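Visitor: I have a structure I would like to understand better, so I am pasting it below and will then ask my questions one at a time.
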Amino acid sequence: MKIRRAIVKLPLGLLCLITFAGGCKYYNEEDLTPTPPPCDTTGVTYNSTILPIFSANCLICHDSKTASGNVILDNYTDALIPAKDGRLWKAVSWEPGYPHQMPKGGDTISVCNRKQIKKWIDSGYPQ
């Protein structure tokens, strides 16, 4: 009888061991904090890259109808004004001491979107 119990317990014990051992995994820092996808700053233009960023983050206050602070970003010609005089970059980069950090209520523009805006400015504002 004791041998029979041992025969039953052995496979059951092995099954538990395999189940629990298989559930353990070593997590390294890369697994826990995955690398974000690369930021595409090639071919940045107002129409293909910048306008969608503005649509998602800025146009609620800075379209042609609202024009908060007399800043309009929903068309290329008007968006050039704050871009060329430096106000756009100071606002979206949250430059310390600049009184008009945008968007209001919190820095919600992604690091990648900021890089794309900077690339657009540095590339001479391609349309």
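The values are calculated or read from the model by the stated rules, or taken from the named source; none is laboratory data. What you see is a predicted model, and the numbers here were worked out from it, not measured in a lab. Cβ placement follows ideal geometry from the backbone for every residue including glycine, while neighbour counts extend to all protein chains displayed.
Condition check ((1) over 22 Å from the mean Cα position of the chain (by Cα); (2) in the same structural domain as residue 56 (by TED's automatic domain parsing); (3) not in a loop (DSSP other than H, G, I, E, B)) across all residues:
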position: 95; (1), (2), (3): no, yes, no
position: 99; (1), (2), (3): yes, yes, no
position: 103; (1), (2), (3): no, yes, no
position: 107; (1), (2), (3): no, yes, no
position: 113; (1), (2), (3): no, yes, yes
position: 118; (1), (2), (3): no, yes, yes
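Visitor: Let me ask something else about it. Residue by residue through the range 57-85, note down the ones that are farther than 19 Å from residue 100 by Cβ, in a helix (DSSP H, G or I) and free of Cβ contacts under 8 Å to residues at least 24 places away in the same chain.
Guide: Of everything in the range 57-85, just one residue is farther than 19 Å from residue 100 by Cβ, in a helix (DSSP H, G or I) and free of Cβ contacts under 8 Å to residues at least 24 places away in the same chain, namely 77.
Visitor: Looking at (1) of a type in the set (Gly, Ala, Ser); (2) at pLDDT below 95; (3) surrounded by 10 or more Cβ atoms within 10 Å (Cβ to Cβ), which one does residue 123 not meet, given that it meets all the others?
Guide: With (1) of a type in the set (Gly, Ala, Ser); (2) at pLDDT below 95; (3) surrounded by 10 or more Cβ atoms within 10 Å (Cβ to Cβ) applied to residue 123, the lone miss is (2).
Visitor: Out of everything in the range 78-116 that is surrounded by 14 or more Cβ atoms within 10 Å (Cβ to Cβ) and basic (Lys, Arg), what residue ends up being farthest from residue 37 (Cα to Cα)?
Guide: It comes out as 87.
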